[in-house]
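Student: Dropping a structure here in structure tokens format, bear with me for questions.
The values are calculated or read from the model by the stated rules, or taken from the named source; none is laboratory data. Remember, predicted model here, so these are calculated numbers, not experimental data. Positions of Cβ are backbone-derived with ideal geometry, glycine not excepted, and every protein chain shown enters the neighbour counts. Just the protein is used for accessible areas: all its heavy atoms, side chains included, with ligands, DNA and RNA removed. Shrake-Rupley method; radii C 1.70, N 1.55, O 1.52, S 1.80 Å.
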Amino acid sequence: MATMQDVARLARVSVSTVSYVLTGARPISQATREKVLAAMAELDYQPNALARGLASRRSRILGLLLPLDERGLGATESAFVTGAAATASAAGYHLVLSPVDAGDLDGLRRLASQRMLDGVVLMEVQVDDPRLGVLREARVPVVLIGRTGDTTGLSYVDIDFDRTVRDAVAHLVDLGHRRIVYVNHSAAALAGGYGPALRSRDAFAAAMTGYGVTPVMVPAEDTAAGGRQALTTAFGRAPDLTAVLAMNESAVFGILGELTAHGRTVPDDVSVVSMVTSPQVAELATPALTTMTSPGTAVGRIAIEALLRHVRDDGTALHQQLLPCTLEVRGSSGPPRRRAVGAPRTEHPS
């Protein structure tokens, strides 16, 4: 079995350099790092993770705190996790997904007190998130995917909701739409201070007002049934709607189904744009969804990179970054159909 000395000899570096590559205790040039990693691969060297952790007082385990409900982990959320896991692995760390409920502060205290995690990435962030107090009290390095209301002294990477919503509304307005309904996350998410729901709500109101158009927003449970109910509510409030902008990936398929039930075709009668959505989800719909595509993998990668800097540098370097979603036009959006005044709408056979 190969030893650290064997790796050092083959890479023509000191044993301490091999140790620094493994532990990250000191910066090593990329060229030297690649030589050491190549030697490890050639010798099939398997470092003892427990021994490394004891020597460096680090477990080399990072936590991803993601509360899960009955919806599980969707394709778009999975992209955040995939980006984070790949980056952690490349740096020699294990990433552990911990589904501690957002309201289970005692459970979070128990997890933090075990000192098993070198640092954590916190997801599903509320504007006023009590989990931060628990992690700070336990002196656990933390980076947010999302933002609190007060970001002083916090590292985060988040979606730029202002720009994302503005670009989505501009796309629909440029096509000629004026009666646009925004389907958000649930009323409970809004009342609970869920950051994406609140920021996107405010951004939608500002964008629509900027065009001199009255904003109409409907909350929806994060289910297909919630989407169907939201569309029924939307037609009650705006019977002449020609476009739906959805910030609720789980509800969007219910919205599409209910449009068909109302005899509306997409995009001829009603355009649909889904925000913060993955291409995989977009292609499941017929027609394929026009989306503001989530930069999920990049968000996960940047969050872990920032967290590793905190772990190695005692959190002195803050990282605060917003990433916009990218408009990808597919088959679900187009110009609104022009009808003669008083002309009946043509029913489409099912």
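Student: Counting just the residues of the range 271-280 that are in contact with a strand residue (DSSP E or B) (Cβ under 8 Å, 6 or more places away or on another chain) and open to solvent by 10 Å² or more (accessible area, probe 1.4 Å), which one comes out farthest from S332 (Cα to Cα)?
Tutor: V276
Student: Say whether the condition of being among the polar types (S, T, N, Q), within 20 Å of R309 (Cβ to Cβ) and within 19 Å of the chain's Cα centre (by Cα) is met by at least one residue in the range 77-85.
Tutor: No - not one qualifying residue is present in the range 77-85.
Student: Any residue in the range 179-188 that is open to solvent by 20 Å² or more (accessible area, probe 1.4 Å), of a type outside the set (A, V, I, L, M, F, W, C) and within 28 Å of V273 (Cβ to Cβ)?
Tutor: Within the range 179-188 (the criterion being open to solvent by 20 Å² or more (accessible area, probe 1.4 Å), of a type outside the set (A, V, I, L, M, F, W, C) and within 28 Å of V273 (Cβ to Cβ)), the answer is yes, since at least one residue qualifies.
Student: Report the residue count in the range 201-221 for those that are touching an Asp or Glu at 6+ places or on another chain (Cβ under 9 Å) and either β-branched (V, I, T) or crowded, with 19+ Cβ neighbours inside 10 Å (or both).
Tutor: So the count comes out to 2.
Student: Among the helices (runs of 4 or more DSSP H) contained in the range 63-144, which hold 2 or more residues that are among the small types (G, A, S)?
Tutor: Ranges flagged: 75-90, 105-113.
Student: Also, quick follow-up: Any residue in the range 186-198 that is without any contact (Cβ under 8 Å) to a residue 12 or more places away in the chain, touching a Phe, Trp or Tyr at 6+ places or on another chain (Cβ under 9 Å) and not in a loop (DSSP other than H, G, I, E, B)?
Tutor: yes
Student: Considering only the range 132-158, how many residues are of a type in the set (D, E, K, R), within 22 Å of S113 (Cβ to Cβ) and at pLDDT 95 or above?
Tutor: Of the residues in the range 132-158, 0 are of a type in the set (D, E, K, R), within 22 Å of S113 (Cβ to Cβ) and at pLDDT 95 or above.
Student: Which residue is surrounded by the most Cβ atoms within 10 Å (Cβ to Cβ), if the candidates are limited to the range 1-15 and must be at pLDDT below 85 and out of contact with any helix residue (DSSP H, G or I) (no Cβ under 6 Å at 6 or more places or on another chain)?
Tutor: T3
Student: What residue, of T297, T233, T277, is of a type in the set (S, T, Y) and farther than 23 Å from V157 by Cβ?
Tutor: The match here is T233.
Student: So is G153 crowded, with 21+ Cβ neighbours inside 10 Å, touching a residue at least 12 places away in the same chain (Cβ under 8 Å) and not acidic (D, E) or not?
Tutor: When the stated conditions are applied, G153 does not pass them.
Student: Based on this model, can you work out whether G92 counts as surrounded by fewer than 17 Cβ atoms within 10 Å (Cβ to Cβ), small (G, A, S) and under 24 Å from R301 (Cβ atoms)?
Tutor: So G92 passes the test.
Student: Moving on to the next point. Taking the conditions exactly as written (of a type in the set (D, E, K, R), over 14 Å from the mean Cα position of the chain (by Cα) and open to solvent by 10 Å² or more (accessible area, probe 1.4 Å)), does R264 satisfy them or not?
Tutor: yes
Student: Can you say whether G226 is free of Cβ contacts under 8 Å to residues at least 24 places away in the same chain and either more than 25 Å from the chain's Cα centre (by Cα) or assigned to a helix (DSSP H, G or I) (or both), as far as the supplied structure shows?
Tutor: When the stated conditions are applied, G226 does not pass them.
Student: Related question: When you look at R228, is it touching an Asp or Glu at 6+ places or on another chain (Cβ under 7 Å) and more than 25 Å from D162 (Cβ to Cβ), yes or no?
Tutor: yes
Student: Please find, within the range 239-250, the residue that is surrounded by the most Cβ atoms within 10 Å (Cβ to Cβ) out of those that are among the small types (G, A, S) and at pLDDT 95 or above.
Tutor: A246
Okay, residues lined up against (1) modelled with pLDDT of 95 or more; (2) hydroxyl-bearing (S, T, Y); (3) surrounded by fewer than 20 Cβ atoms within 10 Å (Cβ to Cβ):
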residue	(1), (2), (3)
I255	yes, no, no
G296	no, no, no
V299	yes, no, no
A303	yes, no, no
L308	no, no, no
D313	no, no, yes
L318	no, no, yes
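Student: Would you be able to say whether some residue in the range 25-39 is in a helix (DSSP H, G or I), more than 36 Å from the chain's Cα centre (by Cα), crowded, with 19+ Cβ neighbours inside 10 Å and at pLDDT 85 or above?
Tutor: yes
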